[in-house]
Structure formats: structure tokens, C-alpha cells
Amino acid sequence: MKLVPVIGMEIHAELKTKSKMFCTCENGYELRDHPNENVCPICMGHPGALPAANRQAIDWTILVGLALDCQIAKTTKFDRKNYFYPDLPKGYQISQYDQPLTFDGHLTIGQKDIPIIRIHLEEDTGKLAHGQAEAYVDLARACTPLIELVTGPAIESAKEAKAFCQEYQRILRYLEVSEADMEKGQMRCEANVSLQEPGKFFIEGNEVKAVLDYKLNPKTELKNINSFRALERAIDFEIKRQIKALETGEKLVQETRGWDESSQTTFTQRVKETAADYRYFPEPDLPPLIIATELVERLKGELPELPQAKLKRFVSEYRFDPDLAEIIINDKHLAAFTENVMSELIAWLVALPETEGTEAEIMAQDGKKLARLAGNWLVTHLLKHLNLGKTAISAAAITPENFAELLTLIYSNRINNLAAQEILEAMFKTGQAPKAIMTEKNLGQMENDEEMAAIIDQVIQANPQAVADYNAGKEVSFKFLIGLAMREAKGKANPAVLNNLLKKKLSSK
């Protein structure tokens, strides 16, 4: 039996507003270290406590919608989603049902547009905490602003679902509306997975519909997923589980299943609820919202360059390799640092006495080479130091101008790679300019050909057997002689110049 996966995503993300969604309590992940302290009567659902909507959260939800090409509602409202659970003391969650703030958007993954049905705004609930000898309800998280994105059932694989969630996380961080850290629960990805027979169903209006008398297989909602890697594995496992069940005649039911990281399997949690089970009705304590056109236009003007657009520009303008550019633009601050480095690097190169041409001519002639050099040192060496020190690029002591100067010293063969790494380490520790460190530590490469020629003469004279072996056709002897020469030069000789001089000397023997 041939079956195809039909996947839709529901993604919750906490907004990092200064205050909570419907009260004046301070908002922030770090405030949850002390259970039930950062709360008020509204957070705790006390009778008679009246909510007031957070304007910043509303604006940010619209901003996210605009970034994803969504339509913005002209009129919207909040609704009560009624259900009983210990972490929801008032018995309902303030959410949005039939009039979400934003709707009908898309996000492009690869060459495919994944439809976004809606992005609505709601409050987060509390949570159940379990200690060694106790369990309790912690309401410190309650009333945190939460946006929920719902896609159409257009995703066809676990890999595609993972890519969608990663790109959405990147957009949230570029907009600076959410940290979207999955391990901290600031972003929660839930997948709705079903298997259908090809040709016997179609998708219309973001709904899976049967052809003729075909009976659609039920879907499963996957929860308890705290990383993109776990998301991909959970969906892959669930696809295999459902295929096996359908092939063996096991009956599938619409249910919610959790992901068990230790066993790498899904497990039944509860039968899946429908919208009717929640008995939605308009929130009587909050008036409907009219979204002004002027507000939407102002927020459009605040949209930054988004990750996919920046990726395309870095490849076309700076000539970065696409895979390298992907790593760089993954972090908004690293991307901004890189952009400043490239601008400063061109300026440094134009100022070199041996350089001829304008900035445009340099990029046309050596753009690829510069992009490889800059990309390698940014991604391999700079990020290594940042990760070791657990330092954000925005907090590092190194400026784009100084990093560009370091790249210029490498590019112009003033220093070799080993010296450059030593200089970079000193830059992190002291914040000094690379040229000053190079001079202070005497790390500059030899620029005197006569000095290098004297070293080569010394090595050749001291190793006649290696010279004879090279002349007999043993190339390994050449590497041996170069190694000795570099050791004599204490690593400061330019390898390319040294190679040429040694070849000339040996050919004359």
C-alpha cells in the first residue's frame, strides 16, 4: 500500500514584551526561577479581575504577520477557550477563534510556498511542576503573550517540517519579538501527521478532503518536542508507526501523542479535542479591536531585511558561497557584523599601496577570494572564540574595522595563518588592533627575499641527501626541505615565496 504523509504545523512562540499579555506583571523567562512569585490576581484567574490587552503584543503579532505575507484583520476580537486543567485556574484561556489578527500568509521553503492559515494572539497558561516528593501548579508563566501560527496541511516530510520551523524561528529573532528558544519552551512546535493514499484525497481551502467514497485516515498531533532534531525524529517515527498500523489493519484514532526522547518513540496522551469541545465564545471583558490602516503601514515600515532576502543579497553582492552565507545570516547580529566587515575590508584593500582599482573593480576581480577568506575566518575562527567564551558577537571586544584589518594582513601576506590565529586570540583578550599586536609580538612575515634565500642556502647545505633525493624525483624531499626552512624562519616566512625560492635554488643545482 502506497501512502503519503500529510503534515501541518502548529507553532507557539512567547513574545518578549516588557509586561504580560493581560496584566502589568513583568514578563520574562528568567522571572520563572521562583514559582508563583511573579503573579497577580489576573494571572491567577481570580474572580472579578479584569484583563487589559497589551498593545505591544498586538503590534508585534501584526509585525510577524506582515513578515509572512499575511492579511491583517481590520476588526478582531479575543475569545474564551474553555477547558479544565490544573494549570488554568479560571477554567478558560483568553485566545482568538474566528477572527485572528493575521491570516492567509505563506513562508517559502526551498521552492515551495507553505500556506499559513493564521497567526493569532493568546495568553500562555501556568504549568505543572514535579519535584522528587511533590507536585504543584506554577503560575509564573501564566498570562505570558503567546502567538500561535497554524499552517495548512501542505508539508510532506519531517525534513520539510524542520526547515519550516527553523526559518520561522529565524524570522522571529530577526524581528526581535521572541527569543524562540525551544529548549526553554519559548517556542513549541506541534505537528499534525496523517497518512493518505495518493490520488484518493486533495487539499482545498487548507483542508484535506476525500475523493468519492475514500475514508480519510485520522491525524495525530505530536507534542512534548523541545528541539528541531527531536521534531524531525518524532515525525519520522510517527510516519513509520502509522504506515505499519495501516498495513497490518490496526485501527488508528485521532489523538494527541507525546514524544519520548529516551525511547525515541511517541506515546498516547489523550484523544484529540475538536474546536466544539472548547465551547469558544467572545471574551466579554475585552472589547473588539479595530486595526487602523495607519498602524499597519507604520509596522510595514519597521520590517527589517528578512533572512531569505539577506541570504540572496549576501550571495549576489558579497559573493559568499550559499552554504556559508546560510550560517552567517542565521544570526542577525553576526550578519550585521559580517556586512560591516566586508565594507571595511574593501576600504582597507583600496588603501594598500600595491592595490590598483576601485571598490567595484576589486570585488569584480577578487570578490570570490575575499568572500572565501572572510567567510572562513568568520565562521571557523571568530565563532570558535565566541563559543568558547560564550560571548555574543554584539558583546565581543572585536570591532568590524579591526577584524577587517586582520583579514587585510592575511590577504596581503603580511602574516600567515598561525600568526593570524595568535593575533585573533590577543584581539579577544585585549581589544587591540591587529597591526599593533603583530608589531608587538613580532609576528609579521619575512618580506626580505635575501633573508629567506640565506635560510634556504643554509638548509640545502646542511641536507645534501635530501637534495639528492629530490633531484632523483622524490617529491617528499621537497616538503621535508620546506619544513626545515619554515622552522628556521620560525614560521614567519611567506610559504609561497619560500616555495618559489627553493625550487629556483634546487633547479640550479
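The values are calculated or read from the model by the stated rules, or taken from the named source; none is laboratory data. Treat the numbers as computed from the prediction; the structure is a model and nothing was measured. Here the Cβ is made from the backbone with ideal geometry for all residues, glycine too, and neighbour counts use every protein chain on show. Ligands, DNA and RNA are excluded from the accessible area calculation, which covers all protein heavy atoms including side chains. Shrake-Rupley method; radii C 1.70, N 1.55, O 1.52, S 1.80 Å.
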From DSSP H assignment alone, runs of 4+ in the chain each adding -39500 (n - 2.57), the sum over residues rounded to the nearest 500 puts [θ] at 222 nm at -13000 deg cm²/dmol
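Net charge near F478, counting Lys/Arg +1 and Asp/Glu -1 over other residues with Cβ under 10 Å of its Cβ?
With Lys, Arg at +1 and Asp, Glu at -1, the neighbours total +1.
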Extension length gain for K312 and F267 (0.36 nm per residue less Cα distance), in nm, is 12.1 nm
Points 7 angstrom from Cα along the Cβ direction at N330 and T399: gap in nanometres?
-> 3.0
The chain: angle of helix 158-175 to the longest principal axis, Cα-based, in degrees nearest 10 | 80
Give the Rg (one decimal place) followed by the Dmax (whole number) of region 245-322, computed from C-alpha coordinates and expressed in Å.
-> 24.1, 58
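Please report the net charge: other residues with Cβ closer than 15 Å to the Cβ of Q111, K and R +1, D and E -1.
-1
Where both residues lie in the chain, what percent of DSSP beta bridges are antiparallel, nearest 5?
Here the share of antiparallel DSSP bridges comes out near 95 percent.
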On full extension of the chain, what length is gained from E134 through E176, given 0.36 nm per residue of separation minus the C-alpha to C-alpha distance?
-> 11.4 nm
Computed from the beta carbon distance with a Förster radius of 30 Å, FRET efficiency for Q465 and L418 to the nearest 0.05 stands at 0.55
Using a cut-off of 15 Å between alpha-carbon atoms, which aspartates and glutamates can reach K2, once sequence neighbours fewer than 8 places away in the same chain are excluded?
-> E156, E197, E247
Rounded to a whole %, the carbon-and-sulfur portion of the accessible area of the chain at a 1.4 Å probe is 51
Lys, Arg +1 and Asp, Glu -1 on Cβ, resulting dipole of the chain about Cα centre, debye, nearest 20 | 980
Step through the table entries K223/K332; K310/K429; K474/K505; K332/K384; K127/K223, compare each Cα-Cα distance with 20 Å, and write down the pairs that go over it.
-> K223/K332; K310/K429
Mean accessible area per residue over the chain (1.4 angstrom probe, all protein chains present, square angstrom) is 51
Please list, in chain and number order, the residues 5+ apart from L15 or on another chain whose amide H is under 5 Å from its amide H, with Hs placed from the backbone.
-> L146, I147
Which of (i) 27.9; (ii) 34.6; (iii) 30.5 is the computed mean projected area of the Cα convex hull in nm²? It is (ii)
Count the net charge of all other residues whose Cβ sits under 14 Å from the Cβ of A426, scoring Lys and Arg as +1 and Asp and Glu as -1.
-> -1
Expressed in angstrom and rounded, the centroid-to-centroid distance over alpha carbons for region 215-269 and region 102-178 is 19
Based on the mean of other beta carbon atoms within 10 Å per residue, what is the order of 26-34, 478-486, most packed first?
-> 478-486, 26-34
Can you figure out the FRET efficiency of I203 with Q111, using R₀ = 22 Å and their beta-carbon distance, to the nearest 0.05?
-> 0.75
All-pairs Cα distance distribution in region 229-388, expressed in whole percent, bin size 5 Å = 1, 6, 10, 10, 8, 8, 8, 10, 11, 9, 7, 4, 3, 2, 1, 0
To the nearest 10 degrees, how steeply does helix 359-376 sit against the main Cα axis of the chain, on a 0 to 90 scale?
-> 70
